[in-house]
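First the structure, in the form of C-alpha cells, and then the observations on it.
Coordinate-derived values only; no laboratory data. Keep in mind it's a predicted model, so treat the numbers as computed, not measured. Note: ideal-geometry Cβ built from the backbone for every residue, glycine included; neighbour counts use all protein chains shown.
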Amino acid sequence: MGLTSVVKDPEALTMTVTSEWDVDAERAWQLWADPRQLERWWGPPAYPATVVSHDLVPGGRVNYLMTGPEGDQPKGLWEVLEVQAPRRLVVSDAFADDDWNDSGIAAPMLMTVDIADRDGGGVVMTMTTTFASAEALEQMVAMGMEEGLTEAMAQIESVLASQPA
Amino acid sequence: MGSGLTYNLMVVDQISDAEVDRLFFALADATRRDIVRRTLTDEFSVSALARQYPMSITAVQKHVAVLEEAGLVTRRKEGREQRVSGRLEGIEKARSLLDAYEEIWRGRIDRMGALLDEDPA
C-alpha cells in the first residue's frame, strides 16, 4: 500500500505519481469526493487545508485554504474539468485571491487522477500534474517551500539554539 | 508539504557540516526565506527588495549576503544596482523544482495511507 512510483519529466514539466491501495475504487474515490477526507491529506501538518466549498461536477469548483503557523491563509481553487466517479477526475488547480478568483500568480496546473482496479484486488491510483510553464512550477514549489520550511524550522530550532552562528 | 529542506539541500550537491550550518542559519529568518522565495521566480534589485520590507537597504544587503554565503542566491552588478536571483538555471532548475514538488506528493500519499488505514471501508 502506498507510493509505487514517481516519474518526472523536466522538459514536459509533468510529474506522475502512482500509488496502490488495498481498498476498492469507491473508497479511494472518497479521498477526493469527500471534502472532509480531502482536507485531511491535501495540506501538510504545518499548513492544514480547509475545503470551503466542494462542487465536484464538470464546470464546478472546489475552494480551499491552507492555514499557516503564522496565521497566513493561502487560497487555492480547482476548476473541475472532468468527473467520472469513481474512476477519473481532471481539475485545473490555481492560486486564488480573497474573492476566490484565479489570482494570476501562476498559470494553473492541470491535475488528472485515474483510479483503476488492480489484478487480485485493490486499486492503482495515478495522479499526473502538468505545469503550464517553468514559472508556474517555480511558484508552486516556492509556496510549498515556504510551507515545508516552516515545518523544518520548527524541527531544527534546538539545533540552531545549540550552534549560534 | 515538507519540501523545503530537500529542495535547499539539493541546491548544494555535496555539503559539509559548515555548509549545512550556513544553510540553516540563512533560512532561519523569515525575511531571508521571503527573499529566496521571490528571487526564485524573478530577479530583484536590492533596492526593490528593500521596498518589500520595513527595513533599510543596508539591512537587506546583509540578508542577501547571508543568502549568497549559503549558496541560495547570486548577486550581479548592473550599473549602480545589485541584482539578486535564485541560483539554479534552466532544465536543472526544473529538475530540482520537480524533486521538491515530489516531496509535496510523498507527504500527501503518506497522509492518504494513514486515512485509509484508519477508515478502510
*Which cross-chain or sequence-distant (5 or more) residues have an amide H under 5 Å from the amide H of A:SER103, H modelled 1.01 Å from N in plane?*
A:PHE95, A:ALA96, A:ASP97
*Could you give the length gained on full extension between A:ALA107 and A:GLN73, defined as 0.36 nm per residue of separation minus the Cα-Cα distance, in nm?*
10.3 nm
*For the stretch A:5-19, 3J(HN,Hα) per residue [Karplus equation, 6.51 cos²θ - 1.76 cosθ + 1.60, θ = phi - 60°, Hz, x = Gly/Pro]*: 7, 10, 10, 10, 10, x, 7, 7, 6, 10, 9, 10, 10, 10, 9
*In nm, spacing of pseudo-spin labels at A:ALA33 and B:GLU118 (7 Å Cα→C-beta vector)*: 2.1 nm
*What is the packing order of peptides A:58-64, B:96-102, A:68-74, taking the mean over residues of other C-beta atoms within 10 Å and listing the highest first?*
B:96-102, A:58-64, A:68-74
*asked:* Over chain A, with a Gaussian network built from C-alpha contacts below 10 Å, which listed residue (A:LEU56, A:LEU13, A:LEU137) shows the highest mean-square fluctuation?
replied: A:LEU13
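Determine the calculated [θ] at 222 nm for chain A from helices alone, applying -39500 (n - 2.57) to every DSSP H run no shorter than 4 residues and normalising by the residue count; nearest 500 deg cm²/dmol. List each step's numbers first, then the result.
Details: 3 runs with 45 residues, N = 165.
The per-residue figure over chain A is -9000 deg cm²/dmol.
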_Number of partner chain Cβ atoms within 10 Å, mean per residue of A:91-100_ = 0
*Can you tell which of A:PHE131, A:THR18, A:TRP42 lies farthest toward the positive end of the dipole of chain A, using +1 and -1 charges on the Cβ of basic and acidic side chains (Lys, Arg; Asp, Glu)?*
A:THR18
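Once you have the Cα-Cα distance between A:GLU11 and A:ASP97, take 0.36 nm times their residue separation minus that, and quote the gain in nm to one decimal.
Stretched out fully, the A:GLU11 to A:ASP97 stretch lengthens by 28.0 nm.
Net charge within 13 Å of B:MET112 by Cβ-Cβ distance, Lys/Arg positive one each and Asp/Glu negative one each, not counting B:MET112 itself?
Within the 13 Å Cβ shell, the charges total -3.
Report the net charge of residues surrounding A:VAL62, where surrounding means a beta-carbon distance below 10 angstrom and charges are Lys +1, Arg +1, Asp -1, Glu -1.
It works out to a net charge of -2.
Counting pairs of alpha carbon atoms under 8 Å apart in space and at least six apart in sequence, what relative contact order in percent does the stretch A:2-162 give?
21 percent.
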*Could you work out, residue by residue across A:4-17, how many beta carbons of other chains sit within 10 Å of that residue's beta carbon, and then give the average as an integer?*
4
*In Hz, Karplus ³J(HN,Hα) per residue of the stretch B:54-59 (6.51, -1.76, 1.60; θ = phi - 60°; x = Gly, Pro)*: x, 7, 6, 4, 4, 5
*Take every residue in peptide A:22-32, count the Cβ atoms of other chains within 10 Å of its Cβ, and give the average of those counts.*
2
*Residue separation times 0.36 nm, minus the C-alpha to C-alpha distance between B:GLU69 and B:MET55: what's the value?*
3.0 nm
